[in-house]
Amino acid sequence: MRTGIANLPLHGHHCPRWLFDRMVRLSAVIIEAVVEEFGPQEVLRRMADPFWFQALGCVVGFDWHSSGLTTVLCGAMKQGLMDRQQNLGVFFAGGKAMTSRKTPLEIARYTEKYALPDHVQELQYASRLSAKVDSAAIQDGYQIYHHFFVFTGNGNWAVVQQGMNGERGWARRYHWISDSLNSFVEEPHQAVCGRQADNVLNMVAKNSSKARDVTVYLAGEQPEKVISGLRKIADLPGDKLLQLPGAHPVPQAGRIEKTLRRLYDLAPQNYEQLIGTEGVGPATVRAFALVGEVIYGVKASYRDPARYSFAHGGKDGHPYPVDKKVYDSSIMMLETAVRRARAGDRDKVEALRRLAALQKGFFKK
């Protein structure tokens, strides 16, 4: 797993219209430049890189320390590239709140509209499982409210999603990419960015492997066995049971009985099938983990997966207000460079590359 960026406080979502319009243009032309130089697959890699993603948000003028950087940046890219997706070979689906739920439909619609190879089911599955893992298999106190799915015509994809913890006033961002994904249920993330917390149930940690196996085994047992185990846990004094955070109390046995019976009928063969089952949420996942520990002595991981730039200023005035003239000049320069490169004149693009190399050498000194 890669390390993440800074903590993301829940504020600064409002963005003036004049600035958002410029964010749309600048973020779009930056993505175009990346595709022009490195191809569409590179966009996925960069979206999954928390440092590059954070830097891009700062370059287009959003507050570096705001959770709104994620939502507004993704919205700006999606809007700015909506009519250029086919030419670029990169497609943007999902977004914030209710828009995130449209992701499967958008994947199918883009595939049909642009006559893409049919990877619809695989892409929809990746979208659904990545969201399910971060909302149920990792119980860190953050409610997923933003799901942004980027994919290419050959079926590769990346995810940037974000959760919020209203009580603590912080947000957390999760990055995924298909390139490095070996399993949806064991260390699947490219990065998880946020403030570390204690007592985080992490069922996708490598150390939770045995707990996942026990969960699948318990799902094949008569539901009464799990329900009986839950009732025993509820009756135990607190000092005889692992201390649980207030946000995740021991689930009531009656609330998950219906889900347990459904799992028993479906008989999932592995943890990925189990976690992907409709109705399996945080309470069910935690119930299996607790019962597995009490009955079989197999403990799940409680390791938090989180680890621990301004070009145009920030919209909140820090470190200085956004300068419209400088911003517009950057947009025009990049748009001109991309347009000329497509026409065969790469002088401006080569100049930008030399400038980047010079700057890299400067910072190494």
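The values are calculated or read from the model by the stated rules, or taken from the named source; none is laboratory data. What you see is a predicted model, and the numbers here were worked out from it, not measured in a lab. Please note: Cβ atoms are built from the backbone with ideal geometry, for glycine as well, and neighbour counts cover all protein chains shown.
Take the residues of segment 155-197 that are among the polar types (S, T, N, Q) and touching a His at 6+ places or on another chain (Cβ under 6 Å): which is surrounded by the most Cβ atoms within 10 Å (Cβ to Cβ)?
Going through segment 155-197, the residues among the polar types (S, T, N, Q) turn out to be 156, 161-162, 165, 178, 180, 182-183, 190, 196.
From the residues that got through so far, the ones that are touching a His at 6+ places or on another chain (Cβ under 6 Å) too are 161-162, 190.
On the way: Gln161: 25, Gln162: 27, Gln190: 22.
Once the filter is applied, the top-ranked residue is Gln162.
Under the condition of being touching an Asp or Glu at 6+ places or on another chain (Cβ under 8 Å) and either assigned to a helix (DSSP H, G or I) or not aliphatic (A, V, I, L, M) (or both), the residues counted in segment 271-301 number 2.
When you look at Lys240, is it at pLDDT below 80 and not polar (S, T, N, Q), yes or no? Before the answer, list the steps.
On the way: at pLDDT below 80: yes; not polar (S, T, N, Q): yes.
In short, yes.
To keep it simple, each residue is scored yes or no on (1) in a strand (DSSP E or B); (2) aliphatic (A, V, I, L, M); (3) closer than 17 Å to Met77 by Cα; (4) more than 15 Å from the chain's Cα centre (by Cα).
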site: Pro104; (1), (2), (3), (4): no, no, no, yes
site: Ala108; (1), (2), (3), (4): no, yes, no, yes
site: Gln121; (1), (2), (3), (4): no, no, no, yes
site: Ser127; (1), (2), (3), (4): no, no, no, no
site: Phe148; (1), (2), (3), (4): yes, no, yes, no
site: Val159; (1), (2), (3), (4): yes, yes, yes, no
site: Arg168; (1), (2), (3), (4): no, no, no, yes
site: Ala171; (1), (2), (3), (4): yes, yes, no, no
site: Tyr174; (1), (2), (3), (4): yes, no, no, no
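For segment 137-154, the count of residues that are within 22 Å of Thr259 (Cα to Cα), surrounded by 24 or more Cβ atoms within 10 Å (Cβ to Cβ) and among the small types (Gly, Ala, Ser) is nonzero. Being out of contact with any helix residue (DSSP H, G or I) (no Cβ under 8 Å at 6 or more places or on another chain) and of a type in the set (S, T, N, Q) is the filter here, so list the residues in segment 209-227 that pass it. The one that is out of contact with any helix residue (DSSP H, G or I) (no Cβ under 8 Å at 6 or more places or on another chain) and of a type in the set (S, T, N, Q): Ser209. Please tell me if Ala93 is assigned by TED's automatic domain parsing to the domain that holds Ser127 and more than 18 Å from Val120 (Cα to Cα). In short, no. Test Val120 against the criterion of being crowded, with 18+ Cβ neighbours inside 10 Å and modelled with pLDDT of 95 or more, and give yes or no. Against the criterion (crowded, with 18+ Cβ neighbours inside 10 Å and modelled with pLDDT of 95 or more), Val120 does not qualify. Return a yes/no flag: does segment 187-209 have any residue that is part of a helix (DSSP H, G or I) and under 29 Å from Met77 (Cα atoms). No, segment 187-209 has no match at all.
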